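Scroll down for the structure; my scribbles are underneath it.
The values are calculated or read from the model by the stated rules, or taken from the named source; none is laboratory data. In this text the structure is predicted, and so the values were computed from the model without any measurement. With ideal geometry, Cβ positions are generated from the backbone for all residues, glycine too; neighbour counts draw on all protein chains shown. Just the protein is used for accessible areas: all its heavy atoms, side chains included, with ligands, DNA and RNA removed. Shrake-Rupley method; radii C 1.70, N 1.55, O 1.52, S 1.80 Å.
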Amino acid sequence: MTKDDVGDPTALPGLLDQLDVPIARFLADGAYDGEPTNNLLKARFGGAAEIIIPPPRNATPSLQSTSELSFRDRHIGEIHTHGRMAWQSSSGYNQRSRVETQMRRCKAVIGSKLRARSFQNQKTEAKIGVRVLNRMTEFGRPTFERIA
């Protein structure tokens with residue numbers, strides 16, 4: 001949780017500092033596309049983690065793409081060759097939809113905004129909301145069976 005003046009990429013180093021397990025895959029939305037994020041992820045994970053961040057529609061390969069393809073250059077090439085939807089499927093980017101669904105569920109159950117005024121109280125309110133949502137999730141998720 002961050003204050004309004006902190007953007008997603010700015011908060012990323014602090015979020016990564018909280019991890020104490022190896023990372024196999026890093027999925028993020030297009031807000032994280034950019035040189036600072038690319039450099040941070042390369043420094044933290046090297047080539048050990050699969051990094052999946054969608055480039056913008058007008059993205060072009062980097063100048064270094066002739067000698068060494070970055071993860072971003074590979075994504076741009078695959079999108080150009082096969083299309084964005086095929087890239088989303090083949091890269092596993094569609095897994096983000098599960099997280100987005102959970103966030104929508106959170107906002108539907110807890111509310112779309114925090115009511116506390118101080119940042120400390122907002123953090124407490126968010127923790128309570130997350131515990132409620134996790135408790136609800138423990139009860140089980142629906143299962144689907146194809147009948148035809």
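Does the stretch 106-129 hold any residues that are polar (S, T, N, Q) and surrounded by 12 or more Cβ atoms within 10 Å (Cβ to Cβ), and which are they? Write out each step before concluding.
First, pick out the residues of the stretch 106-129 that are polar (S, T, N, Q): 112, 118, 120-122, 124.
The answer is 121, 122, 124.
Scan the stretch 14-31 and tell me whether some residue there is open to solvent by less than 50 Å² (accessible area, probe 1.4 Å) and in contact with a Pro (Cβ under 6 Å, 6 or more places away or on another chain).
Among the residues of the stretch 14-31, at least one is open to solvent by less than 50 Å² (accessible area, probe 1.4 Å) and in contact with a Pro (Cβ under 6 Å, 6 or more places away or on another chain), which makes the answer yes.
Pairs, please: C-beta under 9 Å, at least 6 apart or cross-chain, first residue over 23 Å from residue 95 (Cβ atoms) and part of a helix (DSSP H, G or I) and in the stretch 1-25, second modelled with pLDDT of 85 or more and not small (Gly, Ala, Ser)?
Correct list of pairs: 10/36; 13/40; 13/44.
Suppose the filter is small (Gly, Ala, Ser) and surrounded by 15 or more Cβ atoms within 10 Å (Cβ to Cβ); does residue 49 pass it? Quick ask: steps written out before the conclusion?
Details: small (Gly, Ala, Ser): yes; surrounded by 15 or more Cβ atoms within 10 Å (Cβ to Cβ): yes.
So residue 49 fits the description; yes.
It is to be established whether one or more residues within the stretch 80-98 are closer than 23 Å to residue 9 by Cα, more than 16 Å from the chain's Cα centre (by Cα) and either without any contact (Cβ under 8 Å) to a residue 12 or more places away in the chain or open to solvent by 50 Å² or more (accessible area, probe 1.4 Å) (or both).
No, every residue in the stretch 80-98 fails to be closer than 23 Å to residue 9 by Cα, more than 16 Å from the chain's Cα centre (by Cα) and either without any contact (Cβ under 8 Å) to a residue 12 or more places away in the chain or open to solvent by 50 Å² or more (accessible area, probe 1.4 Å) (or both).
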